[in-house]
Amino acid sequence: MPTTGPMIAEGATRFRKYAERLATGVQPHQFARKPTWGLGGIEINTNHAAWNYGHLATYFSMVIESCGLKPEAAALAPAGFKEIFQDGTNCVDDPAGTTYPPMEKILSTFFKAYDAALAALEKADDKVLAAAPTDEKIRANWKTNGARAMFLMTNHVAMHMGQVSTWRRAMGLPAA
């Protein structure tokens, strides 16, 4: 019976619940907007909720691969997501709703992919998670597949959900 993957999934499940709470009460017209400050309405240069959830959705298939499994369609971000949400892309204010997919599509993609990664962790072979990644670039950052999976499901999610939490407050929304 696997033990490492389920331990990672247990912690990651708490972050999934937090991500749900952070999305609660956000209106579609706010989701891809940057907050403003002061009477002059100066834009606060921060990542909005749309970018954070969309960005994370592109990484969950990597967790499944770290478990030695092939991601199914539900775990894959739709075409175009990587181009607008990958690391290094500029998060832009989207008042017209034309730069980013609709809120429902981003959140649906995020939660389906997250759930697929959690399911993969529950059945991941401990030997696979303890093994070194075969890809040299991945190995430069993580010594084991399990370390990569743990980072992507916990630390990475926590970092971006912290951004969403701050964004919520700047948008005048209550704490989650």
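The values are calculated or read from the model by the stated rules, or taken from the named source; none is laboratory data. None of these values were measured; they are calculated from a predicted model. Cβ sites come from the backbone with ideal geometry, for glycine too, and all protein chains shown count toward neighbours.
Restricting segment 166-176 to residues that are of a type in the set (A, V, I, L, M, F, W, C) and either touching a Leu at 6+ places or on another chain (Cβ under 8 Å) or assigned to a helix (DSSP H, G or I) (or both), the residue that is surrounded by the most Cβ atoms within 10 Å (Cβ to Cβ) is 167.
Would you kindly identify the helices (runs of 4 or more DSSP H) lying entirely within segment 86-165 that contain at least 1 residues that are among the acidic types (Asp, Glu) and surrounded by 13 or more Cβ atoms within 10 Å (Cβ to Cβ)? Write out each step before concluding.
Values: elements: 103-123, 126-130, 136-139, 145-150.
Because the criterion is at least 1 residues that are among the acidic types (Asp, Glu) and surrounded by 13 or more Cβ atoms within 10 Å (Cβ to Cβ), the helices (runs of 4 or more DSSP H) in segment 86-165 that meet it are 103-123, 126-130.
Do you know which of the residues in segment 1-55 that are surrounded by fewer than 14 Cβ atoms within 10 Å (Cβ to Cβ) and hydrophobic (A, V, I, L, M, F, W, C) is modelled with the lowest pLDDT? The residue in question is 39.
Does residue 36 count as under 30 Å from residue 144 (Cβ atoms), out of contact with any Cys (no Cβ under 7 Å at 6 or more places or on another chain) and without any contact (Cβ under 8 Å) to a residue 60 or more places away in the chain?
On the way: under 30 Å from residue 144 (Cβ atoms): no; out of contact with any Cys (no Cβ under 7 Å at 6 or more places or on another chain): yes; without any contact (Cβ under 8 Å) to a residue 60 or more places away in the chain: yes.
Spelling it out, it is not the case that residue 36 is under 30 Å from residue 144 (Cβ atoms), out of contact with any Cys (no Cβ under 7 Å at 6 or more places or on another chain) and without any contact (Cβ under 8 Å) to a residue 60 or more places away in the chain.
Scanning segment 69-85 for residues that are crowded, with 19+ Cβ neighbours inside 10 Å, of a type in the set (Gly, Ala, Ser) and either in a loop (DSSP other than H, G, I, E, B) or at pLDDT 95 or above (or both) returns a single hit, 77.
Does residue 63 qualify as being modelled with pLDDT of 95 or more, crowded, with 20+ Cβ neighbours inside 10 Å and over 14 Å from the mean Cα position of the chain (by Cα)?
Details: modelled with pLDDT of 95 or more: yes; crowded, with 20+ Cβ neighbours inside 10 Å: yes; over 14 Å from the mean Cα position of the chain (by Cα): no.
Against the criterion (modelled with pLDDT of 95 or more, crowded, with 20+ Cβ neighbours inside 10 Å and over 14 Å from the mean Cα position of the chain (by Cα)), residue 63 does not qualify.
Quickly run through segment 156-176 and pick out the residues that are farther than 22 Å from residue 11 by Cα and small (Gly, Ala, Ser). Within segment 156-176, 170, 172 meet the criteria.
Close Cβ contacts (under 9 Å, 6 or more residues apart or on different chains) running from residues in segment 75-97 that are polar (S, T, N, Q) to residues that are part of a loop (DSSP other than H, G, I, E, B) and modelled with pLDDT of 95 or more comprise 86/58.
Within segment 137-149, residues that are at pLDDT 95 or above sit with their Cβ atoms under 7 Å from residues that are of a type in the set (Phe, Trp, Tyr) and in a loop (DSSP other than H, G, I, E, B), at 6+ positions apart or across chains, in these pairs: 148/142. Among the residues here, residue 36 does not qualify as of a type in the set (Val, Ile, Thr) and under 19 Å from the mean Cα position of the chain (by Cα).
Residues considered: 109, 166. Of these, the only one that is without any contact (Cβ under 8 Å) to a residue 60 or more places away in the chain and closer than 15 Å to residue 52 by Cβ is 109.
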